[in-house]
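A short worksheet on the structure shown next.
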């Protein structure tokens, strides 16, 4: 058995590092990607809120927009703690890949079902991005924050999907007055 004293090259220099955590740069990159995802969701939900007539949907979308702003702020703090430069906005090219690009056309048509479908599409993308981040070897404190946010994104997705399904099940004849019943459906 060779120990550090007998080896010509210390064993510790060619040993692999503990692979349970990613490098700081990798973690920062992952977090910045999630920041962009949250910023895109923040903007997408804001646009959705401005495009619906129903007060319950308007409130829900504004709530999710504010939630995503909060998530982005938490992730930005983590990036700063790791010595990185946090992303401050979503990107147009990134928005295309993160599912929010068609929200503007849905909002322009003021079609509730289309807006809900686009919100769900955006949430599908957000869910996938958070899930991918959770598969990385993140430090425990970062993993905890990302996990909590993932659970909230999943919940938002499920809530939007249920609303979309209930809207499409009723045949959505444009914007009929269902404002009193919608709040109890989620």
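All of the numbers you see were taken from the coordinates with simple rules; none came from a lab. Quick caveat: nothing in here was measured; it's all calculated off a predicted structure. When we count neighbours, we look across all protein chains shown, and the Cβ atoms used for this are built from the backbone with ideal geometry, even at glycine.
Quick check for you: which residues of the range 127-148 have the amide N under 16 Å from the point 7 Å beyond the Cα of residue 154 toward its beta carbon?
127-136, 143-148
With a 10 Å radius around each residue's Cβ, average the other Cβ atoms per peptide and rank 39-46, 130-137, 58-65, 147-154, highest first. If you can, show how the numbers build up before the last one.
Working: 39-46: 25.2, 130-137: 14.9, 58-65: 18.6, 147-154: 17.0.
With the highest mean Cβ count within 10 Å placed first, the list reads 39-46, 58-65, 147-154, 130-137.
If I stretch the segment between residue 136 and residue 165 completely, what's the gain in nm (0.36 nm per residue apart, minus their alpha carbon distance), one decimal?
7.1 nm
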